[in-house]
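J.: Sharing a structure with you now.
The values are calculated or read from the model by the stated rules, or taken from the named source; none is laboratory data. Nothing here was measured: the structure is a model prediction, and the numbers come from that model. Here Cβ is always computed from backbone atoms with ideal geometry, including for glycine, and neighbour counts include all displayed protein chains. These area figures cover heavy atoms from the full protein model, side chains too; ligands, DNA and RNA do not enter into them. Shrake-Rupley method; radii C 1.70, N 1.55, O 1.52, S 1.80 Å.
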Amino acid sequence: MMGNRGEWTVPPRRQKNIFSALLVTTLGVWSAGCGTEGITVVSWGGSYEAAARKAIFEPFTAETGIEVHVESFNGGLAQIRAQVETGNVHWDVVDLEFGDAVKGCDEGLLEVIDIDELPPAPDGTPARDDYFEGTYTDCGGGLVYYSTAYAYNRESFPGERPSTLEDFFDLAKFPGRRGMRRVPLVNLEMALMADGVPTEEVYAVLDTPDGVDRAFRKLDTIKSEVVWWEAGAQPPQMLADQEVAMSTAYNGRIFNAQILEGQPFTIVWDGQVLDYGQTAIVAGTPRLEAARQFLIFASRVDSIAAIGRYIAYSPTRRSGMSLIGTHAETGVDMRPHMPSAPENLTRALRNDPVWWTNHAEELTERFSAWLAR
């Protein structure tokens, strides 16, 4: 259920979960704090996970003594749902795409966290007022903004180079294979924007059968040249190998390839889809108190901003941007590389996680059928 500011309110049947953490015994807290058990945090692997280790995981262990064991996944709720439904919860904290966080919270797969328990801003502003609107749910707050944009290898285009989203779909002007994630999310939105739909109308158009048909028709124009990717590490590798001429990708992955590996990649911010992730606790974890300590630590403004010292993802808390400076290893100014930098927002679409919560199942089925044709 949505509150006045766009946040999710707690269904009455689940309000009791807010107080569930109080049932954790003192012995359990001591055990976790002494590092005898630790917690398992599930992240996305690659450069983002490496940034999270340096910015959050390792500092959390240093401060609390609680060991963080890290596993990687490619998103979704299937594994979380299986653990919760069987009562065999071995993941404690998961870094989710915001749409999955909304859905998982609503289904009771994630622990409820009162927003007022999260740390205030450095000037004392309450967390609920410091988070950008819509970036927290009843199960916690958003962590960082990231973007799906497209990038190209400059060596693939010695002459004229792509500069707009329309260029990504123009095989005549810019021939070559395209990389795209094997999901309908983002692909449908980009297809409509490239077909002339203004950003502010994208979800209204997608809300109609004709609009969905229009998006798939646009995807049809390049389908024969698409190489589908599933893991975030794949697009930079495909671009480096020139397996594709252009690929949609997470902006942080491309940033790291540019800055740390010296790859001749260029991000085209036009038509980027801005999204944000959320760290949440798996419902029923037997290590609830240690997981709550981690969530609160990760929600601190300095923790969120610290990620921006290692990868180009920007804070979902207003007070965090003032803490963004230079890259920890190279000294590169991080602000121009952030997806939320003003110059990168000229034609940016903010993902609507509520819309996707309501339509993901039907569109995933249609997308799978479309792929199989």
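J.: Helix 209-220: angle to the longest alpha-carbon principal axis of the chain, degrees 0 to 90, nearest 10?
T.: 60 degrees
J.: Pop the C-beta distance of E133 and S368 into the FRET formula with R0 = 30 Å and round what comes out to the nearest 0.05. Let's see the in-between values first.
T.: On the way: r = 34 Å, r/R0 = 1.12.
That gives a FRET efficiency of 0.35.
J.: Hey, of [x] 66, 47, 36; [y] 60, 47, 40; [z] 67, 50, 44, which did the structure itself give for Cα extents along the principal axes in Å when calculated?
T.: Only one option fits the structure, namely [x].
J.: Report, by chain and number, residues whose modeled amide H sits under 5 Å from the one on L143, excluding near sequence neighbours (fewer than 5 apart, same chain).
T.: Residues meeting the amide H criterion: G277, Q278, T279.
J.: Report, in degrees rounded to the nearest 10, the 0 to 90 angle that the Cα long axis of helix 288-298 makes with the longest principal axis of the chain.
T.: With rounding to tens, the tilt is 50 degrees.
J.: To check my understanding: the extent here is largest minus smallest coordinate of the Cα atoms along each principal axis. What are those three numbers for segment 191-321, in Å, largest first?
T.: Here the Cα extents, ordered largest to smallest, are 51, 41, 31 Å.
J.: When the accessible area of the chain is split by element with a 1.4 Å probe, what percent falls to carbon and sulfur? Numbers along the way, then the final one.
T.: Values: 7780 of 15300 Å².
C and S fraction of accessible area: 51 percent.
J.: Hand me the GluC sites (Glu not before Pro) from segment 127-191 located in a DSSP loop with no more than 12 other Cβ atoms within 10 Å, in residue order please. Working shown, then result.
T.: On the way: sites: E133, E155, E160, E166, E189; in loops: E133, E160.
Sparse-neighbourhood loop GluC sites (Glu not before Pro): E133, E160.
J.: From the residues I324, V84, L165, which one has its Cα farthest along the dipole of the chain in the positive direction, the dipole being from +1 and -1 charges on Cβ of Lys/Arg and Asp/Glu about the Cα centre?
T.: Among I324, V84, L165, the one farthest towards the positive end of the dipole of the chain is L165.
J.: Grab the other residues whose beta carbon is less than 10 angstrom from that of M193, score K and R as +1, D and E as -1, and report the net.
T.: Details: positive: K218, R347; negative: E166, E189, D195, E201, D270.
Here the count lands on -3.
J.: Using a cut-off of 15 Å between beta-carbons, work out the net charge of the residues near G65 (Lys and Arg +1, Asp and Glu -1, G65 not included). Walk me through the numbers on the way to the answer.
T.: Details: positive: R287; negative: E37, E58, E63, E67, E289.
Result for the local shell: -4.
J.: Pairing the Cα long axis of helix 353-372 with the longest principal axis of the chain, what angle in degrees results, from 0 to 90 and rounded to the nearest 10?
T.: Between helix and principal axis, roughly 50 degrees.
J.: How far is it, in nm, from the label point at H69 to the one at A172 when both lie 7 Å from their Cα along the line to the Cβ?
T.: 5.8 nm
J.: Continuing with this model, one more query. Tell me the per residue accessible area of segment 53-166 using a 1.4 Å probe; a whole number in Å² is fine. Working shown, then result.
T.: Details: 4520 Å² over 114 residues.
Per residue, segment 53-166 has 40 Å² of solvent-accessible surface.
J.: Please list, or write none, the aspartates and glutamates whose alpha carbon is within less than 14 Å of the alpha carbon of K218, excluding same-chain residues fewer than 8 places away.
T.: Reachable aspartates and glutamates: E166, D167, D170, E189, D195, D210.
J.: Normalised by the number of residues in the chain, what is the relative contact order in percent for Cα pairs under 8 Å and 6+ residues apart?
T.: Once normalised by length, the contact order is 25 percent.
J.: Oh, and also: Count the DSSP beta bridges whose two residues both fall in the chain, then state the antiparallel fraction as a percent rounded to the nearest 5. Mind dumping the intermediate values first?
T.: Values: 27 of 42 bridges.
In the chain, DSSP labels about 65 percent of beta bridges as antiparallel.
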